[in-house]
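Computed from the coordinates by the stated procedures, all read-outs in this text should not be read as laboratory data. Here the structure is a predicted model, which is why all the values come from computation and not from measurement. Cβ coordinates were reconstructed from backbone atoms using ideal geometry, including for glycine residues, and neighbour counts include every protein chain displayed.
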Amino acid sequence: MASCWCRWRRGCSWRPAARSPGPGSLGRAGLSGLRAAAAAAARAQMSYFSLVKSLTSAFPNMCSISRFHHVTPAVCCCSKTRSGEKYTDPFNLGWRDLKGLYEDIRKELFISTTELKEMCEYYFDGKGKAFRPIIVVLMARACNIHHNNSRNVQASQRAIALIAEMIHTASLVHDDVIDDASSRRGKHTVNKIWGEKKAVLAGDLILSAASIALARIGNTTVVSILTQVIEDLVRGEFLQLGSKENENERFAHYLEKTFKKTASLIANSCKAVSVLGCPDPVVHEIAYQYGKNVGLAFQLIDDVLDFTSCSDRMGKPTSADLKLGLATGPVLFACQQFPEMNAMIMRRFSSPGDVDRARQYVLQSDGVQQTTYLAQRYCREAVREISKLRPSPERDALIQLSGIVLTRDK
């Protein structure tokens, strides 16, 4: 990853700095530590999993975290943006283009049957974070400004924000059925109120409405990009249903699942709006890589919060992943310190007491901290990518969002 962080702090130009081998610009000592860790890894022919841990542990002062309270410094935090304009909250900036978001989504879900209408509109109540639509419209403006200094969001680009939220919500409805979840966003799930069969149909209908809206854009490249998201969601769910016996393969399996279930939607939605606003493939790749890295970091922090937050803050039960038999980042890192967790992982925490013991092992280990370090590395890469675009309030808001991803508590 490149030395964009220190360059930003110095207030230099928007052009990207030369690429360096480390996960962030941490000075000579930090880079020396990275090189030493990488060399040691090469000499020992370490596995991918061990290399990840070696690299993250090379920077012990990157964040402060206790077992009960997750605190990390923002990737980028200052009173002015890199473009020199006064800082504006990313969410306030994004909402300028998203007024009437949920009303417009409900219009896409025009349904005559009252019960089906209630089910499909259940999560479109304006109480979600709208994290994905915010990123999409900010990326649209950032790419438009980079390309021809246009400060308008095209109707087709705004439509991608709606479609992304619809696909995401449909996936939540289906996930809750698979997981037999009882609460989401602080209220009962669709499947608990209306039953599993009707919940599946509601999720399908939301996806079909999103597909119709996508087709209406009329761009075959964009259709192909967002269709990939739906395929990734299915493949990601299948990956989650399985596991790897070899502990060195588990982490790669976990990251692939995380990309397909979470990051793919953000990455491909960002790419889609860049395609609609700019013909340059280099910009398309910047948008994709930003979304991919922020999406991976977002899910890693979500997995951390499953151990460090409370149910009231999250709006859903904590330790839920362990109860579902899932070994997430904190568990996989903890397993390096407590090998006895391997047996629990393989039986998917199904024996009496497994969930409680596994949780205690995680909290006694550096699993939460190492997962947070890894999320920070992804956010630094996201900042490095988006910093290649010309300065604009929207580009800088995307940089700020990467910090918000790390410091969120729900």
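Values as computed for the structure displayed
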| quantity | calculated |
| --- | --- |
| Electrostatic dipole magnitude of segment 87-156 [Cβ: Lys, Arg +1; Asp, Glu -1; Cα centre; debye, to 20] | 320 debye |
| Reachable aspartates and glutamates from K192, criterion Cα separation under 20 angstrom, eight or more residues apart if same chain | E115, E118, E121, D125, D175, D176, D179, D180, D204, D312, D321 |
| Cα-derived Rg over Rh, computed across segment 298-410 with Rh taken as Kirkwood radius | 1.08 |
| Amide H contacts of H188 (H built 1.01 Å from N, under 5 Å, at least 5 apart or other chain) | none |
| Stretch gain in nm, segment V282-Q364, where the contour uses 0.36 nm per residue and the Cα spacing is subtracted | 25.1 nm |
| Per principal axis, descending, Cα span of segment 211-314 in whole Å | 42, 32, 29 |
| Segment 142-217: relative contact order as a whole-number percent, Cα under 8 Å and 6+ apart | 34 percent |
| Local electrostatic count, A142, Cβ distance below 11 Å [Lys/Arg +1, Asp/Glu -1] | +3 |
| Calculated diffusion of segment 126-165, Stokes-Einstein form, Kirkwood radius summed over Cα pairs, 10 °C and 1.306 mPa s, µm²/s | 153 µm²/s |
| Trypsin sites (Lys or Arg not before Pro) within segment 335-369, DSSP loop, no more than 12 other Cβ atoms inside 10 Å | R347 |
| Highest-first arrangement of 135-144, 89-98, 293-302, where packing means the average Cβ count within 10 Å | 135-144, 293-302, 89-98 |
| Kirkwood Rh and Cα Rg combined as Rg over Rh, evaluated for segment 173-260 | 1.06 |
| For segment 207-327, with +1 on Lys and Arg beta carbons and -1 on Asp and Glu, the positive-most of A215, Y254, S269 along the dipole | A215 |
